[in-house]
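Data first, discussion second: the structure below is written as structure tokens.
The values are calculated or read from the model by the stated rules, or taken from the named source; none is laboratory data. Not measured: the values here are computed from a predicted model. When we count neighbours, we look across all protein chains shown, and the Cβ atoms used for this are built from the backbone with ideal geometry, even at glycine.
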Amino acid sequence: MLQDIDVAGDVPWADLAADLGWFDQAHLIRDFRRHTGVTPTQYMDAQRRTFIPGEPGDAAGFVPEVVALPR
């Protein structure tokens, strides 16, 4: 799943959840966070900050550490 997400574009999370068999977007997000340790939004932000679009390699699916900002 992660390797198929276009990190440069918008991700239709609700449609993706339905296509992959989740009951709804909330369940996808819960399981995504349980699997990766971050929310889908945090994952996408980290991917966009870390990897150059079109760069060859197996970068998709790697989740860089997310640093919590002070409140």
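Brief remarks follow.
- Filtered by the rule that a residue be under 10 Å from the mean Cα position of the chain (by Cα) and of a type in the set (A, V, I, L, M), region 12-46 gives ILE29, VAL38, MET44, ALA46.
- Residue match in region 39-53 (condition: modelled with pLDDT of 80 or more and not in a helix (DSSP H, G or I)): yes
Quick grid of which residues meet (1) at pLDDT 70 or above; (2) surrounded by 10 or more Cβ atoms within 10 Å (Cβ to Cβ); (3) part of a helix (DSSP H, G or I); (4) touching an Asp or Glu at 6+ places or on another chain (Cβ under 6 Å):
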{"residue": "GLN3", "(1), (2), (3), (4)": "no, no, yes, no"}
{"residue": "ASP6", "(1), (2), (3), (4)": "yes, yes, no, no"}
{"residue": "VAL11", "(1), (2), (3), (4)": "yes, yes, no, no"}
{"residue": "TRP22", "(1), (2), (3), (4)": "yes, yes, no, no"}
{"residue": "ARG33", "(1), (2), (3), (4)": "yes, yes, yes, no"}
{"residue": "ASP58", "(1), (2), (3), (4)": "no, no, no, no"}
{"residue": "VAL66", "(1), (2), (3), (4)": "no, yes, no, no"}
{"residue": "PRO70", "(1), (2), (3), (4)": "no, no, no, no"}
